Structure formats: C-alpha cells, structure tokens
1. Given A:K272/B:K10; A:K272/B:K46; B:K6/B:K41; B:K10/B:K41, which pairs have Cα atoms separated by over 19 Å?
2. Would you please give the FRET efficiency between A:Q72 and A:V368, computed as 1/(1 + (r/R0)^6) with r the Cβ-Cβ distance and R0 = 30 Å, to the nearest 0.05?
3. Among A:C468, B:C198, rank each residue by its count of other Cβ atoms within 10 Å, from fewest to most, as a rough exposure measure.
4. Per residue of B:143-154, how many C-beta atoms from partner chains lie within 10 Å of its own C-beta, taken as a mean?
5. Evaluate peptide A:262-268: per residue, the Cβ atoms of other protein chains within 10 Å of its Cβ; return the mean as an integer.
6. Is the range A:72-192 rounded, prolate or oblate when judged by the Cα gyration tensor, a ≥ b ≥ c being the square roots of its eigenvalues, rounded requiring a/c under 1.5 and prolate requiring a/b larger than b/c?
7. Let me have the 222 nm mean residue ellipticity of chain B computed from DSSP H runs of 4+ only, each contributing -39500 (n - 2.57), with the sum over all residues rounded to the nearest 500.
8. Hey, rough spin-label estimate for B:V247 and A:L236, points 7 angstrom out along Cα→Cβ, what's it come to in nanometres?
Amino acid sequence: MNEPNHVPREAADAAGRVTVRPMLPRTFAAMLRDTWREFLDAKVLYLLLLAIAILFGAALTGRIEPQPGGRQYLDIAARAMAADLDGIDIATQSMGDVAGRLNGSMYAITAAEPIDADLPEGHWKATLTRTFIPLVGVPESGEEITDRFGKIADGQIWTITEIRETGTEWARKIGSQTWEMAVAPGRDLRLLWPHRFTLFGDSIELAGTKGAPLGLEVLILQKLLATGLGGTILLLVSVAVTAAFVPNMVRKGTLELLLVRPIPRWQLLVFKYVGALLLVAGLLGILVLAVWLITGILANVWSPGVLLALPSLLVFFALLLSVSVLTGVITRSVISAMLVTVAYWAILFIAGQMNNVAVESRIREANVGKLRPTSIAETIRGRQPRREEGFKPGRKPFYQTTIGRITEGVYAFLPHTEDLDNLVDRQLMRDFAVAGPFRALMESASFSWEKGLGLTLLHTVAYLGIACTIFSRRDP
Amino acid sequence: MVVSVKQLEKQYGANRALGGVSLDVEPATLFGLLGQNGAGKTTLIKILLGLVAPTAGEASLLGQPVGTFKARREVGYLPEDHRLPEYHTSTSLLDLYGGLQGIPRRERRRRAAELLDILGLAGREKLRIRGYSKGMKQRLGLAQALLHGPRVLFLDEPTDGVDPVGRKEIRDLLLEERRRGVTVFINSHLLGEVEQLCDRVAILRKGKLMVTGTVADLTRQKASWLVAFDREVPTSFHFPGASIAAVEGGSRLRVSFDPTDGQGTATGADAPEGIDQFVAAASASGLRLRHLERERATLEDLYLAIADGGGTP
C-alpha cells in the first residue's frame, strides 16, 4: 500500500549506506546480462538470425514430391514374410541372425497394379503366392497373411484391406497358395518411397530425376543443416564472438573493477563461461528448431531425432569454450584465444579421422576373406554381399604402422567428440529407416556415446578448472 | 582506524614495490597518497583492496584483514587508467557492478539514477560508453565507486581528464562524502588539488614512506617570512639564527629560520618569537615595517624536495 515510500530494510541504513549480502543468483544474473550485452554489441546476432532466415526462406522454396515407385516395396514385403522378423533390427542384424527364424516358405508377388495411383498414398491390387513343402508346412489362412504382410521388424509398410484366396485345392496340396488382395500403404511406407527434391521452383534437382527415399532426403538435409555445414558455421561464429569475452574481462583497468567486488574470483570466470554457453545454446536451439521446422514443413516428417543435435553440439561447444577461456586467461589476447580454439578443433577433427582409419583397418584385418556383414535391409533390397579383401603384400594395416600407433595413443587422451555427432547420426538413421555399414558400425559395441560425453565433459571441466586456478592466483 | 598497515612489503620478482610501509588512517579523512610513478602508491592501494597479496607485513581495513568479502563490501575503487566495458551504457554498467555488489535491483536503479544526476551524467543513459569523453568516463568511474555507499574510497587520479568546473563538482562531492564519515584515499599528481582537498598526505618514494602528516603541518615546515621595510635594508644588517635574502631590490627580504634538527623533526625555530625578535631588531636600527607575511611551503616544494633528493626538505 505504501509501496512508493518503501525502502527495503536490508538496502539502506540510517546514513543511506547500502549494505547487502551478495547472493549467488543476483551475481549470476548480473554477469548473464553483461554477457548478453557484450554479445549483442558484437552485432553478430542479427547476422546469424538473418542467415537462418535466408536458409529458412531458401529451403521453403523447395518441393519434395513423390515419384512413381512401382511395386518394389510390395516385393520386399512379400520376401520378408519368409522369416519371423519380430524384435529384429533389420538395419544391423544380418540374414545369419534370421536363419533360425525362417519358416520354410517362400512368398512372391506375381502380379500388381495400382488401384488409384503409383504413389506412397496409393492403394494396390496384388497377387501373392506362397510356396511351401507339403506335409512340413501347413496352409496359411487369409487372416494370418493379413496379420503378417507389410510388417518388417517394427515397421509397417503395407496393410491388407481385402484378401481372397484364389488358388485351387489341388495346388494347395502340392504346396502352393495364391491370394488376390487389396493393400493400403502402412505408416512407414512414405519414408522409403522415392521422392523428387527440387529447390527454387524446379531449377535445382537435388535427388536425381527418379528421386530418392524420402527418409534419406530428410536425413541428408537435417544432417547438412544441423550438425554438418550449418552447425559448423554457427559454432565457428560462436567461437569468434566468445573468444573476446575473457580477454576483454581480464584487461588491465577492467579487471580491477570486477575483482574488487565481494565475490570469489572463480565465480566471475565461471559465470561468464556459463553466460556464453547459454547464449550459444539459444543460437543452436534456434538453428536446430529451424531445421526441424524446415524439414517438417517441406516433407511433412516430424520425427524429433534432429533435436538431439542441440545437446550434442552444445556439449562440443562447451569444450571449445573452455579451451577459449583458458587461452584467454593465460594470454589475455582475443586473437590467441580464437586461433588456439580453432586449432584445437582441427586437431580433434584430424585425430578423430585418423583414428577412424585405424579402427577400420583393425576391423578389415579381422575380416579378411569373410563376407562383409550385410544388413537384412540390404539383403531384402537385393544387394549382394562382398568379401573383405586382404591387404596388398608387404603392406601393414594402418594401426600397425608407427603413425597409426601414435594416432591411437594420442586419441586415447583426447575427448571423443565425434561420438556425440555419431549419436545424432544414429538417431536420424533409426528415425528414417536408413541402413548401411555406417549405421551398423554405430550400432556396434565399438561406438559409445556415453564415453564420448564423459571424456568431453571431463576435458571441459579440467580446462575450466585450470583457468579458474590461474585466474584466482594471479596478481592483477 | 579505517586503515592500519604495519611493515608492509611487496616484492614483484626482483622488483621491490613496497619496502616496509606503516600507516594508520582515521575515519572521515581525505587522505592524499603522493609519489612518483613506480613509488608504490598503486601497489599499496591494491593490497588494501585485497587485489594483491603482500609479501610480508599486515594490513587491515575497517578492522578486517584486507581482501575479506566483508571488507570489500565497504570499499569503492576507481583505478587509474580504468577501462569501463565500452558496450555498456551508464545505467547498464552500474546495474552490473551493483549486482555484483549484491544490491537489490530496485535499490541499485534508484541509487544509479541519483549518482548519475549528481555527477552530471543524467540524460545520457542511452549512450554507450564507447561514445563517452574522458571526463564522462571519469565521472562514471566515480559513480561506480560510490554506488554501494562504501565507507572507504580509493581513487586513483579521480579528476583526470575532467574540466575545471567538473573538478570543483568532484571536490565538493568528496567533501560531502567525508562529511558523511567516508574515508577517501586519493592518488594524484595534481598537487595543488591534493593540497586544497586533503586533510592528510603521505609521500612514498621507491616503496618507502618518506613523510606523513596533515597538510597544514607539512606545509608549515618551511619557516620563512617575507618582510618589507620602508627603505633599503643595509647589507650589514644581521640577525643570529636567521638567513636573510633580498627580494626585489633591497627593501623586501626573505627571512628563514632552520625549522628542523636535520632529521625532519620540527624544532620550533620558526615559532613567532623568532620573527618578533627580528622585527624588533630591525626597528631598533631604524627600519620601519611595511609588510610581514608568513611564507608557506607548497606541497609541491615538499614533494619535489623528496622526489629529487633523499629525504625531507
């Protein structure tokens, strides 16, 4: 009621002197606002938002349209009925894993034609035949076929709306059944169906005239814009902007004004760090959300896997920022902080790539002469497995060379940041039913995002800890 | 004591910045710290602020060991060659420092508006510090030092770059702070200003405290008088204990008594009796007094004597 005259009792004593105990949230909020102002002052925010808007605009001129796909997915569905694929991951498990689940029958589509359109939402009329060994196998009913057709592992690519057995009783006895059926697309068919992807009206064709599976297109687009090119550019800009934060703060004449405050020195540094991290989290959030919206609007695919790119990129940036802060504290130079951080990034990238070569050479050596593992997804698409080739005479596998050994030795001490990226890729591949050897590798035991996360955080905390120690002990 | 320093030493590598300084400062004092560049003034202040740890000795501020949060809460600081972050405006900067001091938001806004008004910065709240003149930066620097109502102020060159009117305003502001019981430390090269403003001064030279005392005491130490008579004084006129020099012809004289025993302690030789006896002796020899003036040493004289030579003048 007496608001205007109210003076907080804690705020002023009789002499008008302000006496207040500093509180952590108040200090933090002050540093956060300071960081925000410094960031806005770099004028980069508007440029970044503009860039994202342009990206958004360009992407929205794009069109993704289904192409006639023919009966290939009917064939796949029929072939897959030869085994019980319940609980199997078709992307990573090979036909060998399925061998024990074969039911002794062969299924094929002998005739198929679209009822309305040869498109992912089109209905089909098809003839399915089943061949089995009489006496060993028993005839199947239409209900059983309806139950199983179109289901591959946990995916549903077709559903039967109408089914009628047309084979003769005689044919049945010698192990052949035939059904005439009407099928409707299942919920997962669209992702596999070939789509054209054009940009700027019809002027740029991104997926060939025959198109590519929709899931693959969305995956490539999301990967390119979020964790690939888009994320890299955003992180580079963020490194450039935040590299100035600490050197500006520890400048002579500025530092003293902060150090005289009644708060521990490490708090100044850590709060600045967290402030910068929150800012970049916001930027990454805008980017990732924009990518999710763009692909959603374009392709009407809304699976949230791409949102994982936000924590993945942020943890990586947290590491880069700690390197930048440490360099800034030691050298007090913006240029040094920027260059050292980018160099560190480059070293991580190169070491990661070289380590991949070493790991691949180990896997290859172990598998010389054996069939390369082929996923069920590849098998039912009709890809032929290849044998692993041996090394040329006199050539050692990379991991046995001196460089290879150094690579693996050095890599052991580095944060395995690319595992964070792999985590996103794996999720995208799961979301969009994309298979292949790369995904197989990421689903294998040799990939551990937990280890990548742990090592990255460990390095981050260590760099930040060293920076705080130096900052707290040095005379201004 | 607001400030109590005992045998304070600070060594930077091979460089001795402070070599055993002892100093006590009472509350509500305007204290001037003088000395050449590198004399140790800033080091002394930084130790008192807890920014730099001493190599040896003791220092306390308001009864607290220096550097404790409790002590820091009561201290305002304006560093020399300060660089206020240029991306801030006056209000956002005071908001930042106020927040770090732990002042609640409403309170620090009220206080900031009040100080900006007093320091003549009102109406420029939207201007970034980048666009400030040197004098404006200095005023804003003072505002941040005063923001949390400290009991001790350390000001390094507080009027640097400020115009004469602004200097007067700042002086008045500091006098008002003293009236409210605040102790103000001033590092300045503007000796005239220090003399005008400060109650006490200390002069540092190469890390040692050469002189400390009230401005009145220190400037009185030069015990000389300007005397004018109605006619030329004969060169034969002498007076024991005084050295006499002619100024402007022969009717005006500078009469000096040796004020110290050579170790910097006043001996009382400049006591009024000395000049009374001198005037009496002059009258006796027929000279009539026209003008008599006590000549005071300026702080500058004292300072230059210490800075040039080895000790007190």
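What follows is calculated from the coordinates using simple rules that are stated; it is not laboratory data. Note that the structure is a prediction, hence the values are computed from the model and not measured. Here the Cβ positions follow ideal geometry from the backbone for every residue, glycine too, while neighbour counts run over all protein chains shown.
1. Working: A:K272/B:K10 31 Å; A:K272/B:K46 24 Å; B:K6/B:K41 15 Å; B:K10/B:K41 12 Å.
Where the Cα-Cα span goes over 19 Å, the pairs concerned are A:K272/B:K10; A:K272/B:K46.
2. On the way: r = 34 Å, r/R0 = 1.13.
Taking R0 as 30 Å, the efficiency between A:Q72 and A:V368 is 0.30.
3. Values: A:C468 21, B:C198 24.
Listed from fewest to most nearby Cβ atoms, that is A:C468, B:C198.
4. Working: counts 0, 2, 2, 0, 1, 7, 8, 3, 3, 0, 0, 1.
Mean partner shielding for this stretch: 2.
5. Details: counts 13, 5, 1, 1, 0, 1, 1.
Mean shielding by partner chains, rounded to a whole number: 3.
6. Working: a/c = 2.24, a/b = 1.09, b/c = 2.07.
Oblate, because a/c is 1.5 or more while a/b does not exceed b/c.
7. Taking each H run of at least 4 residues, the total per residue is -10000 deg cm²/dmol.
8. 7.6
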